[in-house]
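Enquirer: Can you read through this structure? Questions will come right after.
Only the coordinates and a few stated rules stand behind these numbers; no lab work does. No experiment lies behind these values; they were computed from the predicted model shown. Here the Cβ positions follow ideal geometry from the backbone for every residue, glycine too, while neighbour counts run over all protein chains shown.
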Amino acid sequence: MTVLDKLTSEEAIALENNYGAHNYHPLPVVLSRGEGVYVWDAEGKKYYDFLSAYSAVNQGHCHPKIIDAMVQQAKTLTLTSRAFYNDMLGKYEKFATQLFGFDKLLPMNTGAEAVETALKLARKWAYEVKGIDENNAEIIVCENNFHGRTTTIISFSNDPVARKNFGPYTKGFIKIEYDNLQSLQEALESNQNIAAFLVEPIQGEAGVYVPSEGYLAAAKKMCAAHNVLFIADEVQTGIARTGRLLATCGNCSCEEKNCSGTPEVKADILILGKALSGGAYPVSAVLANNHIMDVIQPGNHGSTFGGNPIAAAVAMAALEVVADEKLAINADALGIIFREELAAFANENDLVKSVRGKGLLNAVLINDTEESSTAWDICMKLKDNGLLAKPTHGNIIRFAPPLVMNKEQLMDCISIIKKTITEFK
């Protein structure tokens, strides 16, 4: 067998089952091609992609501008490590920091790496700037969070599947209820060793939980009053997904300031990943101003691939696509239509309990228990009808198509969803 040999779906699944670790439970579809909002399986069947690689492919599959930037850079220089300068990283750092309104960018590769970076940065700032005694800094996190699956991150997860039998766990985290300002206030007031508050603007993996209006702004204000860093994990919600460039969009030079979304909140530390590359290459980043980022000195943190020339070229192209094609505005407009249509449908169909979300990050809550297979079975039927989505937490189906989708395509997808659920038995 060579890399050019064509496989059937059955053969591809068998290879993964036999030779790969079983750390995922994929929908039984083998994808071999993608373009825009569509993907095709090994046999040539066409589907709407309503997961977007967990919001990594916001700009659509194989966007020509992003792919061209990647290919051209790959032909020139791929990797230098950070032992030397390269002629792309500085351009990318200037581009991104000016776009998002920060002084400095620390480049990494994956979302989990970026979260780990932000945690290290917050702790070092706490010791060297805030004056907390070494090894006593604590970070407030939210229940039902999802920030990745490294050992430190699962230490403050309450998902038993991600956590069980991976201890001992890392200390230094305090869990509070999401969207509960009183809990945050109590945690801040009762402990002088708080370095930071790490929060997802919308809890995606937990089931697309959107916080109350004003929650993020009030939380940031509380943190500022206690000299605590506000860390926004926008790995999934960032890059136009929720109808703004950032779900916490504030104080940036984005050309789409008139797009709707949450009240403006400027994070002290911003974490980006996924669609920062349009899904073409692993790219993540941590952004902060000088008084925070300057605590990082040579040898404190790094990555061989972080900040490589391909990543820099791809990220700049991916961000340009978002602005050029006004994807935040499109996500906002189409998201309103999606929720209105599915909310009206929920009033007519007992199987749909509710619909929630922001922009094109939405969820449909199925009227069954979390332990049931109903949501999975519906996704299997959706697959048969040409639309790919996946459940999260048992009875919740997340719907997050590429942001390049147009209204006609969206209405076609809404029709497929309604028809599938109506006929489901």
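Enquirer: Please work out how much length the chain gains when fully extended from ASP294 to GLN72, using 0.36 nm per residue of separation minus the C-alpha to C-alpha distance, in nm with one decimal.
Expert: Stretched out fully, the ASP294 to GLN72 stretch lengthens by 76.6 nm.
Enquirer: If you don't mind, there's one more thing I want to ask. For the stretch 1-144, treating each Cα as an identical point scatterer without solvent, what Debye log10 I(q)/I(0) comes out at q = 0.11, 0.14 1/Å?
Expert: Values, matching the q order: -0.75, -1.07.
Enquirer: Students often check this: by mean Cβ neighbours within 10 Å, which of 370-378, 285-293 ranks highest, and how do the rest follow?
Expert: Highest to lowest by the protection proxy: 285-293, 370-378.
Enquirer: Relative to the first principal axis of the alpha-carbon coordinates of the chain, what is the inclination of helix 215-225, with its axis defined by its Cα atoms, in degrees from 0 to 90 and to the nearest 10?
Expert: Helix 215-225 and the main axis of the chain meet at about 10 degrees.
Enquirer: Also: As a check on your grasp of the helix formula, calculate [θ] at 222 nm for the chain: sum -39500 (n - 2.57) over DSSP H runs of n ≥ 4, divide by the residue count, round to the nearest 500.
Expert: -10500 deg cm²/dmol
Enquirer: Over the stretch 304-373, what per residue volume does the convex hull of the Cα atoms give, in whole Å³?
Expert: 127
Enquirer: Compare the peptides 207-216, 53-62, 343-352 by average per-residue count of other Cβ atoms within 10 angstrom and give them in order, highest first.
Expert: So the order, starting with the most tightly packed, is 53-62, 207-216, 343-352.
Enquirer: Pairing the Cα long axis of helix 309-324 with the longest principal axis of the chain, what angle in degrees results, from 0 to 90 and rounded to the nearest 10?
Expert: For helix 309-324, the angle is close to 70 degrees.
Enquirer: On to the next question. With only Lys, Arg, Asp and Glu charged, each at its Cβ (+1 for the first two, -1 for the last two), find how big the charge dipole of the stretch 339-405 is about the Cα centre; round to the nearest 20 debye.
Expert: About 340 debye.
Enquirer: At a Förster distance of 41 Å, what's the computed FRET efficiency of LYS94 paired with ALA162, Cβ-Cβ distance as r, to 0.05?
Expert: E(calc), rounded to 0.05, equals 0.65.
Enquirer: Please enumerate, by chain and number, the lysines with C-alpha under 17 Å from the C-alpha of LYS418, excluding those fewer than 8 residues away in the same chain.
Expert: LYS353, LYS381, LYS383, LYS390, LYS407
Enquirer: If you average the sequence gap of Cα pairs under 8 Å that are 6 or more apart and divide by the length of the stretch 21-101, what percent do you get for the contact order?
Expert: Relative contact order, the stretch 21-101: 18 percent.
Enquirer: Using alpha carbons only, what's the Rg to Rh ratio of the chain with Rh from Kirkwood?
Expert: Expressed as Rg/Rh, it is 0.96.
Enquirer: What percent antiparallel are the DSSP beta bridges of the chain, to the nearest 5?
Expert: 65
Enquirer: Excluding TYR209 itself, what net charge comes from residues whose Cβ is under 13 Å from its Cβ, given Lys and Arg +1 and Asp and Glu -1?
Expert: Overall, the nearby charge balance is -2.
Enquirer: Could you tally the net charge around ILE366, taking each other residue with its Cβ under 11 Å from the Cβ of ILE366, Lys/Arg +1 and Asp/Glu -1?
Expert: Net of charged neighbours comes to -3.
Enquirer: I need the Kirkwood Rh of the stretch 249-398: take the reciprocal of the average 1/r across all distinct C-alpha pairs and report it in angstrom.
Expert: The Cα-based Kirkwood calculation yields 18.7 Å.
Enquirer: Restricting the count to DSSP beta bridges whose residues both fall in the stretch 30-185, what percent are antiparallel, rounded to a multiple of 5?
Expert: Percentage antiparallel, nearest 5: 65.
Enquirer: Assuming R0 = 45 Å, what is the FRET efficiency of ASP324 and THR170, from their Cβ-Cβ distance, to the nearest 0.05?
Expert: 0.60
Enquirer: Near ASN135, within a Cβ-to-Cβ distance under 11 Å, what is the net charge of the other residues, with Lys and Arg +1 and Asp and Glu -1?
Expert: So the surrounding residues net to -1.
Enquirer: Relative to the present Cα-Cα distance, how much length would full extension add between GLU348 and HIS25 at 0.36 nm per residue of separation?
Expert: Stretched fully, the GLU348-HIS25 segment lengthens by 113.1 nm.
Enquirer: May I pose another question? How do 268-274, 306-312 rank on mean C-beta neighbours within 10 Å, highest first?
Expert: In decreasing order of mean packing, 268-274, 306-312 become 268-274, 306-312.
Enquirer: Next question, about the same structure. Would you mind checking the tilt of helix 374-384 against the longest principal axis of the Cα atoms of the chain, expressed as 0 to 90 degrees and rounded to 10?
Expert: 60
Enquirer: What is the total of Lys pairs in the stretch 70-190 with C-alpha atoms under 22 Å apart, excluding same-chain pairs fewer than 8 positions apart?
Expert: Going through the stretch 70-190 pair by pair, I get 14.
Enquirer: Once fully extended, how much extra length lies between ASP103 and ASP5, figured as 0.36 nm per residue of separation less the alpha-carbon to alpha-carbon distance?
Expert: Gain in length upon complete extension: 30.5 nm.
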